[in-house]
Structures are given as C-alpha cells and as structure tokens.
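The values are calculated or read from the model by the stated rules, or taken from the named source; none is laboratory data. Nothing here was measured: the structure is a model prediction, and the numbers come from that model. Here Cβ is always computed from backbone atoms with ideal geometry, including for glycine, and neighbour counts include all displayed protein chains.
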Amino acid sequence: MAIPTEPIGSIPRPSELLAALAAHASGEIGEAELAAAQERAVHDTILRLEETGSPVVTDGEQSKPSFATYPLTGRDGLSPDGVVIPFADGHHRQLPALTAGPFRYGVHADRYLRAAQGIASVPVKQAVIAPSALSLLYPADGIDGYAREAFLDDLANEAEADIRRCLEAGAHVVQLDFTEGRLSLKLDPAGSVLDDFIALNNRVLERFSAAERARIGVHTCPGGDHDSTHSLDVDYTDLLPKLLRLKAGIFYVQLASEPDPDKVLAVIAEHLPADARVFIGVTDPIDPRIETPEEVRDRVLAAAHHLPVDRLGTCDDCGFSPFADDTSTSRDTAFAKIRARVEGTALAARELGV
C-alpha cells in the first residue's frame, strides 16, 4: 500500500480476559492463570488485526494494565493519591504518586513486543508511554532525599531504555503516547507545562540518531476513555506548532473527531518538519458508528489537499479502550473500524495514483 496505515495501540479486551482480570483482582486466580488469559487475548487480537488486512499490527495492549502505567508494574514506592485527570462526562482517572526514589521501570515494553512478534506474520509496532506523562508521578511537595531533577534524570534514562530496547528488538515503529500534551493546555493555558513536557521528551529523543528517530513516532489525542475525552475542547492549533518541534520522525494526529479538520491540516502543513511523516486519524474510536471505507477515502483525499502524499499516512484517532476496564466499545466494532481504515486508505491511494 502506497499510503501507510497503522493502528494506534489498544484494542478492547475479550470477555474471557475481562473475567480473568476480575478474578485475579479478587484473588480467585493466580498470576499464571491471568497470564494465560492475556496470552490467548494477544494471540486472538493479532490474528484478527491481520484478518482486517492491516499491514502493521500491535498486541492490542492486552497484557498492559493501561497504556500509561505499565512501567509501574511490580514496583514499590507508590501511593494511590497522584494527579487526577478529569473527563468531560464527569468520570476521572488518577495516577499514582511516587513516594521514594530512585525511579526505575518495573516492566519495559519490549516484553510485550517480543511476545507479539512470536505470533504476528506482519511488522509489529510498539506503543510506549511518553516520559512527560510519567513526570506527573513526582509529587508537588517533593520527596525527601530525592530531588525532582534527580527523578527527571532517572526518568529520562528509563524512557530512553524503553524506546531503545524496542528498536533493538525490531519494532516497526516505537510510538510515544503523548495524550497529556493537549490536556496540559487545559490545565495551564499559558503553555509553560506544555513547554516543560516538550523539553523533557526532546531530552530523551535527542539521544537517538536520525535513522533511529525515523522509526520513533509521537501520538497526540484528547484522551479517549469510556466514550469521553479530557481535552477535546482545547484548540488543537495551540498545541500542534509546539508538538511538531518534537524530535520524532512520525506524528500520529487525532483528526476524525475534530470539528474543523481543514484548520488542523493547515497547521500541520505549516509546521511539519521536512523529514517527518504524519499519520492522520480517519476513524473515531469513541463514536459507535462504523465509518465506511468511502468516508475514510474522502478524509484521506481532503488531507492530500494540504500535505504531500509521500508524507501522509492514516491511523485511528486513538487507541480503543486504553484502560483495561473500559468496555464502552466492543471488539467487533473496533475491528470493523480498523477494516474500514485499511480499505478506505487503499481506495484513496488508488484515486491519488500512488
């Protein structure tokens, strides 16, 4: 396919896995039984993604507690009363807070990647959490004996290792999830928090060569959880000029759910780095209606009015059900939307003659 297309990451968990997660939380089953259910879910997810014709797959994050918190698996020194992320429908998510240093990842993402590669017959991309998101773990009142700068040094080293291990394991792309970028402008309209996030992420990205950065992407969206978002009301055009300064070779930009996609595309066209490719969102994971391939085609053709086709790709706006307990979207709906994305992207490529 001349126009590349990729999933973002998460896929809704099957009922068997949801039951196993609940049974594990209540102590009815142990780690081995849960791991077996996760392995079956990963296998089914990859096979179903391949059946859609997807030229690149993920593991659907079936084994992650969430896209954001997997590095915290199995580690101590955390309390449950961290930063609260409010969503438009009134529900919220809360991060843990760090209580002691040094900060180390409990799990690196290449663990998930290697398992998926053993199943997939096509390239596998791997999503990782951006260091900017994990910087929110450090409490505002500090930690005795562990300064914030020391924490940020440790965090940058761990984030670099997370990305590098996935690249060395043969990931098609390593995608940094940066949903907190748009949220930061809601919490701090002046943009100083966003500036800090960009600087921290670039501190990590600058450690990679140009060839390595060509396989590193950044995903931005307004957060999708339980059919709601945390920052869709923030003007995208305030975020994108700064986001596109990140030292990445690929940008994955939520667009299908935007009220004025042409306005967004114009900003992307103005600020996209000369050596970068942008994947635009052409399906909306929190809209229960399944897009048609023709709708996807038309969204790609509209984007091609603003962007060179050889620097254009397609994706879903966000991951489907990025938190394990989100059952608002069915697996069948997710795979149907993905199939529409794949087929619609191919239709657009044919019409554009590429």
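A compact table of results
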item: Subset of the stretch 285-306 (residues that are under 18 Å from CYS221 (Cβ atoms), at pLDDT 95 or above and in a loop (DSSP other than H, G, I, E, B)); result: GLU291
item: Residue in the stretch 28-47 that is assigned to a loop (DSSP other than H, G, I, E, B) and of a type in the set (Ser, Thr, Tyr) present; result: no
item: Residue list for the stretch 12-27, restricted to those being assigned to a loop (DSSP other than H, G, I, E, B), in contact (Cβ under 8 Å) with a residue 60 or more places away in the chain and over 12 Å from SER63 (Cβ atoms); result: PRO12, PRO14
item: Where ALA214 falls short, out of the listed (1) over 19 Å from the mean Cα position of the chain (by Cα); (2) surrounded by 15 or more Cβ atoms within 10 Å (Cβ to Cβ); (3) at pLDDT 95 or above; (4) more than 23 Å from PRO102 (Cβ to Cβ); result: (1)
item: Sole exception among (1) farther than 20 Å from ILE11 by Cβ; (2) under 19 Å from the mean Cα position of the chain (by Cα); (3) of a type in the set (A, V, I, L, M, F, W, C) for LEU49, by number; result: (1)
item: In the stretch 174-187, residue modelled with the highest pLDDT [restricted to those that are closer than 22 Å to GLU6 by Cβ, touching a Phe, Trp or Tyr at 6+ places or on another chain (Cβ under 9 Å) and not in a loop (DSSP other than H, G, I, E, B)]; result: GLN175
item: Subset of the stretch 231-287 (residues that are touching a Lys or Arg at 6+ places or on another chain (Cβ under 8 Å), in contact (Cβ under 8 Å) with a residue 40 or more places away in the chain and among the hydroxyl-bearing types (Ser, Thr, Tyr)); result: SER231, TYR236, THR283
item: Residue check for ALA190: of a type outside the set (S, T, N, Q), free of Cβ contacts under 8 Å to residues at least 24 places away in the same chain, more than 16 Å from GLY319 (Cβ to Cβ) and in a loop (DSSP other than H, G, I, E, B); result: yes
item: Leading residue by the ranking (modelled with the highest pLDDT) among those in the stretch 1-44 that are crowded, with 19+ Cβ neighbours inside 10 Å and out of contact with any helix residue (DSSP H, G or I) (no Cβ under 8 Å at 6 or more places or on another chain); result: GLU6
item: Count - residues of the stretch 227-275 that are in a loop (DSSP other than H, G, I, E, B), of a type in the set (A, V, I, L, M, F, W, C) and at pLDDT 90 or above; result: 7
item: Count of residues meeting criterion [over 17 Å from the mean Cα position of the chain (by Cα), in a helix (DSSP H, G or I) and of a type outside the set (D, E, K, R)] in the stretch 307-334; result: 2
item: Subset of the stretch 99-152 (residues that are closer than 23 Å to SER79 by Cβ, of a type in the set (Ser, Thr, Tyr) and either crowded, with 19+ Cβ neighbours inside 10 Å or under 15 Å from the mean Cα position of the chain (by Cα) (or both)); result: TYR105, SER132, SER135, TYR138
item: Matching residues, the stretch 86-97, being closer than 20 Å to VAL234 by Cβ and either modelled with pLDDT under 75 or part of a loop (DSSP other than H, G, I, E, B) (or both); result: PRO86, PHE87, ALA88, ASP89, GLY90, HIS91, HIS92, LEU95
item: Residue that is under 20 Å from PHE335 (Cα atoms) and of a type in the set (A, V, I, L, M), where the choices are ALA32, ALA41, ALA68; result: ALA41
item: Options ALA100, ALA115, ALA199: the member that is part of a helix (DSSP H, G or I), small (Gly, Ala, Ser) and more than 25 Å from PHE323 (Cα to Cα); result: ALA199
